[in-house]
Every structure is written in C-alpha cells, then in structure tokens.
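Structure first, commentary second.
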Amino acid sequence: MDHSDIEPSHGGRGEEQETRERILAAASQLMAKKGYKGATTRKISQLAGVNEVTIFRHFKNKEAILEELLKGIVDIRLQLENNLHGEYSELKEILLRYARGYYQMLVERKEILMICMIEADNHPEVIKLFSSLPMTAVEVLCNKLKEFQDQGHLPKGDACAAALMFVSTFFYAFMAKYRVNLCLDFQEEQLFEDASNILINGITGNTNSHR
C-alpha cells in the first residue's frame, strides 16, 4: 500500500495547511520544468505525496492551483515599501535599493511568471494577476515620489509617469533576458545606477545628481 495516499485522520487544520503547501510547492516545481500542461495533477500528486482526490479537495482544478501560486508571488507591496524607507536626502540610495529589490523579485519569480505569460491567452484572469506585479511597483514608487513633492523637496509633476518609466526599465530588462533571451550589453548594477540618475535628473532638472 502507498501510505502517501492516506490522509491523516488527526492534526486538523495544521496538517491540512501542510498538505496544501506541499501541493503548491510540487506544482510550482513541475510547472517551472514542464510547463502548465506538462504538470499534470497525477505528477503533482506523486511529487507532493498525496492522491489526486486530495488535490481536488484543496483546489477546484489545476487552473486554481496556478492562480494560487500567482497570488503568492504578486503579494509584494510590503516588501517594496520597505525598500523605500528614507528621507529625500537619501533619494539616490532609495532608488537604487528599490531598483535592486524589484528586479530581484522578478528574477526569483521568473519560472512561474514565464508560465503565466504563456498561458495568458487561455486564462485571462491569470494575466490580470501577473500584470499587477509591475503596476504595484509603479504605485508604491509613485506614492513615495508624491510624498517628497508634498514635502516640497520635488517639483510638482507627474510622479506616476516617472515611476512607470523607472519600473518599466527593469521589467523590460528582465523580460529581454529571461523571456526573449536577448544578450543585452549592460551590467545590472550599472542599469540601476543609470536609471536612478535619469529619474532624478528628469524630475528635478538637475544634471549634476551623479554621486
């Protein structure tokens, strides 16, 4: 008898949560290697050490598993906000920290993000969640720039447009490297530096912000 197919009869909510997390971890691993279609519920059940009935007890279907995985990776607001702590005098350092943090988030989530892009045409709700990741990054940075504007440190202007251009730089670089496999001639740290200088110069009109 395969004891992995037997559901525990005790432990309650804690064991149920552990089982759910094992299913999600197995699905994430398989989808990253085999794609959405290749990660069948049978293979997921084998890797997670449960039977398929257990999977469908926790998730309505495989698409629901993918949606759950995506919800987990787009929950980044607090982490992004933590990267923005600081005063206006530290603007350059704040932007550099934000750029590094956001780009690293994309890299850490690259497998599931690529899967979601491939499946976008078949699952519109998936692409909606996927697109919320860069838009959250734009919103969080925009709020910080508006805070500096309200304090009188930055001239009034379209802070959200500036944030969008800044975030788009790193999203494009990520997509070019991991989705299109382009060999771009840039060092990531230099990209963070240049993008930060461009944003500062653009919103302050100061061409001497390099430090």
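The values are calculated or read from the model by the stated rules, or taken from the named source; none is laboratory data. Nothing here was measured: the structure is a model prediction, and the numbers come from that model. Note that we place each Cβ from the backbone using ideal geometry, even for glycine, and neighbour counts take in every protein chain shown. Ligands, DNA and RNA are excluded from the accessible area calculation, which covers all protein heavy atoms including side chains. Shrake-Rupley method; radii C 1.70, N 1.55, O 1.52, S 1.80 Å.
Brief remarks on what is shown
- For the chain, averaging the sequence separation of C-alpha pairs within contact (under 8 Å, six or more residues apart) and dividing by the residue count gives a relative contact order of 18 percent.
- Summing charges over neighbours of THR41, with a neighbour being any other residue whose Cβ is under 10 Å away from its Cβ, gives +2 when K and R count +1 and D and E count -1.
- Efficiency of FRET from Cβ geometry, GLN151 and ARG100, R₀ 25 Å, rounded to 0.05: 0.55
- Modelled label positions at ARG57 and ILE198, each set 7 Å beyond Cα in the direction of Cβ, lie 5.3 nm from each other.
- Helical mean residue ellipticity (222 nm; -39500 (n - 2.57) per DSSP H run of 4+; nearest 500) of the chain: -23500 deg cm²/dmol
- Taking all protein chains into account, the per residue accessible area for segment 84-201 stands at 50 Å² (1.4 Å probe).
- Inter-label distance, nm, simple model (7 Å from Cα along the C-beta direction), GLN190/GLU108: 2.7
- Accessible heavy-atom area order of HIS123, HIS153, highest first, probe of 1.4 Å: HIS153, HIS123
- Karplus-derived 3J(HN,Hα), 6.51/-1.76/1.60, for each residue of segment 84-101, Hz, glycine and proline x: 9, 5, x, 9, 4, 4, 9, 3, 4, 5, 4, 5, 4, 5, 5, 4, 4, x
- Under 25 Å from the Cα of LYS146 - lysines, other chains or at least 8 residues apart: LYS92, LYS156
- Between segment 166-180 and segment 89-149, the Cα center-to-center distance that results, in Å: 11
- Compactness of the chain as Cα Rg over 2.2 N^0.38 Å, two decimals: 1.26
- Dipole magnitude of the chain, debye to nearest 20 (Cβ charges: Lys/Arg +1, Asp/Glu -1, about Cα centre): 360
- The chain - percent of accessible surface contributed by carbon and sulfur, probe 1.4 Å: 52
- Segment 70-156: radius of gyration over Cα atoms, expressed as a fraction of 2.2 N^0.38 Å: 1.26
- Pairwise centroid distance, computed over Cα atoms, of segment 46-62 with segment 15-34, Å: 9
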